Every structure is written in C-alpha cells, then in structure tokens.
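Novice: Okay, handing you the structure first.
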Amino acid sequence: MSGLMQAIEVFGVYLQSTRLLQAARSAAASGQGLFHGSVAGGARLPTLGTTAAAASPRALNSLTAASANWSSNAAAAAVSLNPFPLGGTLNQMRTATLLPGEGIGEEVNGALVDVFEAADVPLEFETFRFSNFEDGLPQDAIKSFQKNLVAIKGPFTTPVQSTYTSINILLRRDFDLFANVVHAYSIPGVKSRLGGVDVVMIRENTEGEYSGMEHEAVPGVVESLKIITESRSMRIAQYAFAYAAANNRKKVTAVHKANIMKSGDGLFLDCCKRVAAEYPHIEFEGMIVDNTCMQMVSRPQQFDVMILPNLYGNIVTNIAAGICGGPGLFPGANIGETGAVFEQGARHSGLDIAGKNKANPTGQILGGVMMLRYLQLTKHADAIENAVMRVLEGNKARTPDIGGSATTTDYTKAIISHLE
C-alpha cells in the first residue's frame, strides 16, 4: 500500500500524499525527523512544497505528522511533537473558536486567555457559552468552527442518566476529528508516581464503542454495537506511523482485545500490522488492553507511541495522566483533515472545585500551545511553554493538585511573569 490512502468506501474520503509518506519513511530509516533540516530554537519549518500543497488543498498536513521540534518538557530532552501544522506561517491576526465548557472550564480558559494576551499572541477568540446540552452544539458555534477551522474547548460533562449525545462526541463526529493525540510525560519538579515517562497516545476518535448504536432488543436485553471499520482503522494507523516517523519515535504499540473480539479488534490489529509493514525501521508490537493497563501502571517507560481504539484510548490516556502527575497537567488535540480542536488531555470537569479558584490550568494552556504550533506561531508557543515549565520546575507556584497552595489566579500570574 502506498500513500496515505486516497479514499474510503464507507465513512468519507481523505487525501493521499505519496511524496510525504515516502519522506516519512525515509526519515524513519535515517533516524531523523521528517523536517530534520529545520533550525532548532523556533525557526520556521520548510513548507511541504508547492506541488503537494496545490494537489491537496484540504489536507492541513494532518496526516503527515510534520514535526516542529516541540519540546513539551523544556527542561528535559527535546521531543519533536508537532504533528499537525498548517502549510504556511501566519502574518496577521487569526480567529479561533472558544468553547469554555462547564465545571472548571471558565477558570482554565480564562487563564489561557490571560496568558495569550500577555504573550501578545496574534489570535482572537470567538467565545460561545451554552448550557442546554440536550440541544447539541449551537448553530453559531458550528458556523464559527466551520469558518475558523480551529478551536479550543473546556470540559463538558455527560451525566450517566442523560439521554442526549455528549458534546465531545458531537464535535468529533460532526467535524470528523478522527485522531485524539495526548502526550503524557514526566515533568521536572512535579512529583509523580513513576518517572522517565514519555508516551504519545493516538486514539481513534470516531467509532468503536462510541458509535452510539444501542437499543433494547427485548425488555431487559440491550444491544450496544461496537463499530470497527477497515477504512477508519487504516486511517488512524497511517496517522500514528507517520507521526512516529516524523517525530523520530522508535516504537509503536497497537492496543487491542483481538484474542476475544476476534473480528472487530482483530480487524483493527490487522490494519495496524499492514501499515507497520510499510515502516520496517519502526518497532511494532500488539498488546492486549488489560495487559496494557497493568504495564502502564508498572513499567510505562516501555511505551513510545500507542495506537488505540476509541474506548481503550479513553481509559489508557487517563491512566497515563494519573501516573505522571494528574489530569490537569497534559494537553490534548483532536485532529481532522480540515480542522482541529484543542483541550486538556484528560477531560475532567472538576465540578467539585469549580468556581473555587483551585483548578490547575496547565493542561489547557499547553493545549493552547499545541494550537499555536498547529498555526505555526512557534515563537509564541515556545515563550508560553517555556514559562510554564520554568514555573513548574522551579516550584514558583503550584496549585493544590500538585502539592501547592497557589490559586489558579496566582499560578497564571507566575506564568505571565516568566514570559520572555
């Protein structure tokens, strides 16, 4: 199989770029990132080339995993983790959609906006607040995202007894945000259960147990369908391996339960194996999901990049966040072919601390950093990320969840004071 796949039969189309896929494979073979010729320290990456860009105007390079030398852990070894920049730089003000969400959403997004303003980020927000989740996404918010193609969101809680579709699922499904990318890592100065962790989890975001297809067949018997398709499994596998190749990652682990769910998870695993064959210089393994959870809490250092179906991805990303310091620390992104939504990697609403000025906004601010790298605003992204890491490493201010007593406001001010 060549390229990143021209089309899928069932769930839409996505674009092929043989040139970029070959570049990713060459990068893996040489042990370098896809754009290893770029200058460190925030210099702009080369664009993908006018021919490829002209041939694929819809593909925001999301399937090619272009690297921008993103060091999520500024005080430790640099880790190239910017798989989804646009094709060019921004020289004028851009607008993004902001959905504060509920719970701690207002506080952590307020911190993000304050930091962006202090860093003179050339970005404006269109903010939409709503609370009637049974009506789904407001039309104004939908039109805003369709126009801006980039958004940042806070947490949205879906109560167990609710009958409406989760706002999170609506966003992923309606805009085909097929790849959820979460990076969990050990942060210097932050106490965690296990050290030396640096794992990127890439979760298929649109099907599996989250398909929403369930019904009561007869009274007392409910059928809930888990949907796994070849097209979407191939798409997420292609994304994950291209990401690993571009970011000089050495190993990819596919998480599954194919020993029991032989058809569904078997298909997912088979797709991962087929794509792995295209990347002989990247180590590949399959791992059963229950063993994965045990390994994650005992020896997480073995993991590098992980590909996960929807439900398993939700579980494993939360485990990873927990062992690395907590849900408030790590960023996440939901990537589609024509847009992206950024957020905290572990989507905890924090309803018990909402409005108390105790929330840790680190994950949301770093989600904003990921967004800036997506928009190729590298200078601003570096400044904000470095300020966050200096505050955490130097124990300048800490919120209660990571052993401090600082308020959200105080922590945000400390970050702003460390901007350079």
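The values are calculated or read from the model by the stated rules, or taken from the named source; none is laboratory data. Computed from a predicted model, the values in this text were never measured in an experiment. A quick note on method: Cβ atoms are made from the backbone with ideal geometry, for glycine too, and the neighbour counts reach across all protein chains shown. Remember, those area values only see protein heavy atoms, side chains included, never the ligands or the DNA or RNA. Shrake-Rupley method; radii C 1.70, N 1.55, O 1.52, S 1.80 Å.
Novice: When the range 276-301 is examined, which residues are found to be open to solvent by 40 Å² or more (accessible area, probe 1.4 Å), in a helix (DSSP H, G or I) and not charged (D, E, K, R)?
Specialist: Matches in the range 276-301: 291, 294, 297, 298, 301.
Novice: Another question, then. May I ask you to verify whether residue 163 is open to solvent by 60 Å² or more (accessible area, probe 1.4 Å) and modelled with pLDDT under 90?
Specialist: Yes; evaluated as a whole, the condition is true for this residue.
Novice: What number goes with the only condition from (1) closer than 25 Å to residue 179 by Cα; (2) open to solvent by 10 Å² or more (accessible area, probe 1.4 Å); (3) acidic (Asp, Glu) that residue 401 does not pass?
Specialist: Evaluating residue 401 over (1) closer than 25 Å to residue 179 by Cα; (2) open to solvent by 10 Å² or more (accessible area, probe 1.4 Å); (3) acidic (Asp, Glu) leaves (1) as the failure.
Novice: Report whether or not residue 102 is open to solvent by 40 Å² or more (accessible area, probe 1.4 Å), within 21 Å of the chain's Cα centre (by Cα) and either of a type in the set (S, T, N, Q) or within 26 Å of residue 388 (Cβ to Cβ) (or both).
Specialist: yes
Novice: Now, a different point. Those residues that are closer than 16 Å to residue 341 by Cβ and among the hydroxyl-bearing types (Ser, Thr, Tyr), I need them from the range 129-164; list them, please.
Specialist: Listed by number, the list holds a single entry, 144.
Novice: Sticking with this structure for a sec: What residue, among those in the range 349-374 that are part of a loop (DSSP other than H, G, I, E, B) and buried (at least 22 other Cβ atoms within 10 Å of the Cβ), is modelled with the lowest pLDDT?
Specialist: 350
Novice: Could you list, in sequence order, all residues of the range 243-275 that are assigned to a helix (DSSP H, G or I), open to solvent by less than 10 Å² (accessible area, probe 1.4 Å) and closer than 23 Å to residue 227 by Cβ?
Specialist: Selection gives 265, 268, 271, 272, 275.
A quick yes/no check of all residues on (1) open to solvent by less than 10 Å² (accessible area, probe 1.4 Å); (2) in contact with a Phe, Trp or Tyr (Cβ under 7 Å, 6 or more places away or on another chain); (3) under 16 Å from residue 170 (Cβ atoms); (4) hydroxyl-bearing (Ser, Thr, Tyr):
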position: 106; (1), (2), (3), (4): no, no, no, no
position: 117; (1), (2), (3), (4): no, no, no, no
position: 121; (1), (2), (3), (4): no, no, no, no
position: 124; (1), (2), (3), (4): no, no, no, no
position: 129; (1), (2), (3), (4): no, no, no, no
position: 140; (1), (2), (3), (4): no, yes, yes, no
position: 151; (1), (2), (3), (4): yes, yes, yes, no
position: 154; (1), (2), (3), (4): yes, no, yes, no
position: 157; (1), (2), (3), (4): no, no, yes, yes
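Novice: Look through 231, 144 and report the one residue that is free of Cβ contacts under 8 Å to residues at least 60 places away in the same chain, in a helix (DSSP H, G or I) and of a type in the set (Gly, Ala, Ser).
Specialist: 144
Novice: Out of all the residues in the range 390-404, which are in a loop (DSSP other than H, G, I, E, B) and among the charged types (D, E, K, R)?
Specialist: 396, 398
Novice: Consider only pairs whose beta carbons are under 6 Å apart and that are at least six residues apart or on different chains; among these, list those whose first residue lies in the range 178-206 and is surrounded by 20 or more Cβ atoms within 10 Å (Cβ to Cβ) and whose second residue is in a strand (DSSP E or B) and among the acidic types (Asp, Glu).
Specialist: 185/198
Novice: Could you tell me whether any residue of the range 302-316 is without any contact (Cβ under 8 Å) to a residue 40 or more places away in the chain, under 24 Å from residue 224 (Cβ atoms), surrounded by fewer than 18 Cβ atoms within 10 Å (Cβ to Cβ) and not polar (S, T, N, Q)?
Specialist: For the range 302-316, residues without any contact (Cβ under 8 Å) to a residue 40 or more places away in the chain, under 24 Å from residue 224 (Cβ atoms), surrounded by fewer than 18 Cβ atoms within 10 Å (Cβ to Cβ) and not polar (S, T, N, Q): present.
Novice: Starting from the range 112-139, take each residue that is under 14 Å from residue 166 (Cα atoms) and of a type in the set (Gly, Ala, Ser) and list its partners that are open to solvent by less than 50 Å² (accessible area, probe 1.4 Å) and modelled with pLDDT under 90, counting only C-beta distances under 6 angstrom and pairs at least six apart or across chains.
Specialist: 136/170
Novice: Checking the condition assigned to a loop (DSSP other than H, G, I, E, B) and of a type in the set (Asp, Glu), which residue from 102, 106 passes?
Specialist: Sole residue among the options that is assigned to a loop (DSSP other than H, G, I, E, B) and of a type in the set (Asp, Glu): 102.
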